[in-house]
Amino acid sequence: MAPQRIALVGTGGRALSFVEPILTTYHAPNQLVALLDSSATRRSYYNELITGRWQSARVPEYAPEDFGRMIAEQRPTTVLVCSKDSTHHDYIIRALHAGCDVITEKPMTIDAEKCAAILAAQRATGRRVRVTFNYRWGAFRTKVRELIASGTIGRVHSVNLEYLLDAAHGADYFRRWHSSMQESGGLFVHKSTHHFDLVNWWLDAIPAQVFAFGDLAYYGRANALDRGDEAWTRYPRYTGAETGHDPFALDLRATESFRRLYLEAEPDSGYVRDQNVFRAGIDIYDQMSALVRYRTGETLTYSLVAYSPREGMRVTFNGDRGRLEYYEFTGSHMNRAVTSGEFQHEHHGSAEAAGEWIRIFPHFAPSYEVPMPPAKGPHGGADLVMNEQLFSPEPPSDPWARSAGHEQGAASILVGIAANRSVVTGTPVRLDALVPLPPAAHRLRELV
Ligand SMILES: NC(=O)c1ccc[n+]([C@@H]2O[C@H](COP(=O)([O-])OP(=O)(O)OC[C@H]3O[C@@H](n4cnc5c(N)ncnc54)[C@H](O)[C@@H]3O)[C@@H](O)[C@H]2O)c1
């Protein structure tokens, strides 16, 4: 079989976790043929890693305006989209029309118009789009799918999902492009796309209607001044400032990847990675609540808080034969220097145990914990399993249908897009009114 010729769009932090398996474990069936990014500094740092750390041949580099030339010169079979969220649609659509398949990072895109354009391009070209919902591939989350599908708690009627981002991880979205609705769709799209996708997939259900609230309650200048945290508002960015004991400070000189990917790339991209989280002008929410109704009648009660002292999620499913509780906590106050899943954790002590567990509460019988082997690797081992599916020429069969295509990618972001609209209008929003998904489909598995 001819190797998959992969053109990478977006050479930021995340893409490293794809480049590494492409050049190592899966190098025979894959060839990295191009790097495209708006920053020449980031592109050339990638080439330095490719030729140094991975001892591979230098990869041709392209600027965004050279996308067409890149396709003509390198003839990729797959375009791997890892750029800023607001740019995904443009590359997905152009890649499909150039005859390529697409692998895209989540969120597939950020608003209804761009989503409709992607679905239309896929219909017109018949090419394949895969959305990398790595959350699905974690062992515990797959187990939850298996328990629900096998009827352990009967038919599920309602789900509650509470997600907490701690004041280190959550704050990171407020330092950079994610803090602009226009760039990321806000956290209801950028972050919650993972959570809405999990619930769609766990229930094997298609969302139909959403009502939501969203607020900026903690980050931003006005909130800091209200709380009396004026000292934390005094510098526009952290690197090089007298930040004292400011727990939100991030020094881009602290790690090689921060320095090389972001600090040294500022002159050619204007991308400042460490802006003060208590500055004016942030227009996304840090606290969100949504109610979702599915085509098949189930309900989801969802909340996301981005300034918690601890990180993790609590999901509970109510079925007509019992209840399933799934908890996943990573401990508190982690200071993460994050790129590509290489976390540097600084624990300041956790009030409660970190860990992941599933407990079943059958009706009229004692509860029990579901035994699970410990997970290894980035994102709870999920990235390793997902990469095998993306880059192996003969991936193992996947009875839990964890690969997501364009329609499933849309079913997830449309919940967040509808939620954003509901926050503004104060009324429930029907997903079909935004972008129609196949009307006869009842279950998620009927969508591509
Ligand atoms: N699944 C996950 O767990 C996970 C984790 C992190 C990031 N992501 C996703 O990966 C993507 C990249 O995130 P990141 O953390 O690497 O961000 P990043 O800011 O480190 O990288 C974004 C890159 O996009 C580039 N870019 C901006 N505008 C561009 C344009 N017009 N054309 C081409 N490139 C452009 C930037 O120069 C930068 O190199 C995002 O879509 C994000 O949602 C997913």
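A quick yes/no check of all residues on (1) within 27 Å of A28 (Cβ to Cβ); (2) more than 16 Å from the ligand (Cβ to nearest atom); (3) polar (S, T, N, Q); (4) touching a residue at least 12 places away in the same chain (Cβ under 8 Å):
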residue: I358; (1), (2), (3), (4): no, yes, no, yes
residue: H379; (1), (2), (3), (4): yes, no, no, yes
residue: D383; (1), (2), (3), (4): yes, no, no, yes
residue: Q389; (1), (2), (3), (4): yes, no, yes, yes
residue: S392; (1), (2), (3), (4): yes, yes, yes, yes
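Can you name every residue in the range 150-170 that is part of a helix (DSSP H, G or I) and surrounded by 21 or more Cβ atoms within 10 Å (Cβ to Cβ)?
Listed by number, the list holds a single entry, G170.
Please enumerate the residues belonging to the range 87-115 that are closer than 21 Å to D66 by Cβ, of a type outside the set (A, V, I, L, M, F, W, C) and part of a helix (DSSP H, G or I).
T87, H88, H89, D90, Y91, R94, H97
Scanning the range 66-86 for residues that are without any contact (Cβ under 8 Å) to a residue 60 or more places away in the chain and within 13 Å of the ligand (Cβ to nearest atom), which turns out nearest to the chain's Cα centre (by Cα)?
F67
Determine whether the range 184-191 contains at least one residue that is more than 14 Å from the chain's Cα centre (by Cα) and in contact (Cβ under 8 Å) with a residue 60 or more places away in the chain.
No, that holds for no residue.
Among the residues of the range 268-288 satisfying the criterion of being touching a residue at least 12 places away in the same chain (Cβ under 8 Å) and within 16 Å of A40 (Cα to Cα), which is surrounded by the fewest Cβ atoms within 10 Å (Cβ to Cβ)?
Selected residue: D268.
Hey, does the range 420-430 have a residue that's assigned to a helix (DSSP H, G or I), in the same structural domain as R321 (by TED's automatic domain parsing) and surrounded by fewer than 15 Cβ atoms within 10 Å (Cβ to Cβ)?
The answer is yes; a qualifying residue exists.
Among (1) farther than 25 Å from G405 by Cα; (2) free of Cβ contacts under 8 Å to residues at least 24 places away in the same chain; (3) not hydrophobic (A, V, I, L, M, F, W, C), where does E113 come up short?
Failed condition: (1).
Do we have V199 as in a helix (DSSP H, G or I), within 29 Å of R295 (Cβ to Cβ), within 16 Å of the chain's Cα centre (by Cα) and away from the ligand (no atom under 16 Å from the Cβ) here?
yes
Name the single residue that is nearest to the ligand (Cβ to nearest atom) among those in the range 250-267 being assigned to a loop (DSSP other than H, G, I, E, B) and buried (at least 19 other Cβ atoms within 10 Å of the Cβ).
Checked the range 250-267; the qualifying residue nearest to the ligand (Cβ to nearest atom) is A265.
Conditions tested, residue by residue: (1) modelled with pLDDT of 55 or more; (2) more than 16 Å from the ligand (Cβ to nearest atom); (3) surrounded by 15 or more Cβ atoms within 10 Å (Cβ to Cβ).
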site	(1), (2), (3)
P309	yes, yes, no
G312	yes, no, yes
N318	yes, yes, yes
L324	yes, yes, yes
T330	yes, no, yes
G341	no, no, yes
H348	no, yes, no
A353	yes, yes, no
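Residue-wise test of (1) within 14 Å of the ligand (Cβ to nearest atom); (2) in the same structural domain as H190 (by TED's automatic domain parsing); (3) part of a loop (DSSP other than H, G, I, E, B); (4) more than 20 Å from S403 (Cβ to Cβ).
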position: F18; (1), (2), (3), (4): yes, no, no, no
position: I22; (1), (2), (3), (4): no, no, no, no
position: V33; (1), (2), (3), (4): no, no, no, yes
position: T41; (1), (2), (3), (4): yes, no, no, yes
position: S44; (1), (2), (3), (4): yes, no, no, yes
position: N47; (1), (2), (3), (4): yes, no, no, yes
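Taking L147 and the conditions (1) at pLDDT 95 or above; (2) within 20 Å of the chain's Cα centre (by Cα), which numbered condition does it fall short on, given that it satisfies the others?
Here L147 meets the rest and fails (2).
Please go through the range 399-419 and give me each residue that is among the aliphatic types (A, V, I, L, M) and part of a helix (DSSP H, G or I), ordered by number.
Result: A410, A411, I413, L414, V415, I417, A418, A419.
Any residue in the range 96-107 that's under 15 Å from L8 (Cβ atoms): show its pairings with residues that are within 13 Å of the ligand (Cβ to nearest atom) and assigned to a loop (DSSP other than H, G, I, E, B) at Cβ separation under 6 Å, as long as the two are six or more apart or on different chains.
E105/C82; E105/T132
For residues that are among the aromatic types (F, W, Y) and crowded, with 18+ Cβ neighbours inside 10 Å, scanning just the range 213-234, find the one that is farthest from I417 (Cα to Cα).
Among those residues, the one meeting the criterion is W232.
Out of all the residues in the range 173-186, is one or more at pLDDT below 95, away from the ligand (no atom under 12 Å from the Cβ) and of a type in the set (G, A, S)?
No: zero hits.
Of the residues A217, A208, which single one is away from the ligand (no atom under 15 Å from the Cβ), in contact (Cβ under 8 Å) with a residue 12 or more places away in the chain, of a type in the set (G, A, S) and assigned to a loop (DSSP other than H, G, I, E, B)?
Every option except A217 fails the conditions.
What residue, among those in the range 49-61 that are crowded, with 17+ Cβ neighbours inside 10 Å and either outside the structural domain of S17 (by TED's automatic domain parsing) or not in a loop (DSSP other than H, G, I, E, B) (or both), is nearest to the ligand (Cβ to nearest atom)?
Within the range 49-61, the match that is nearest to the ligand (Cβ to nearest atom) is E61.
The values are calculated or read from the model by the stated rules, or taken from the named source; none is laboratory data. Quick caveat: nothing in here was measured; it's all calculated off a predicted structure. Glycine gets a Cβ as well: all are built from the backbone with ideal geometry, and neighbour counts include every protein chain shown.
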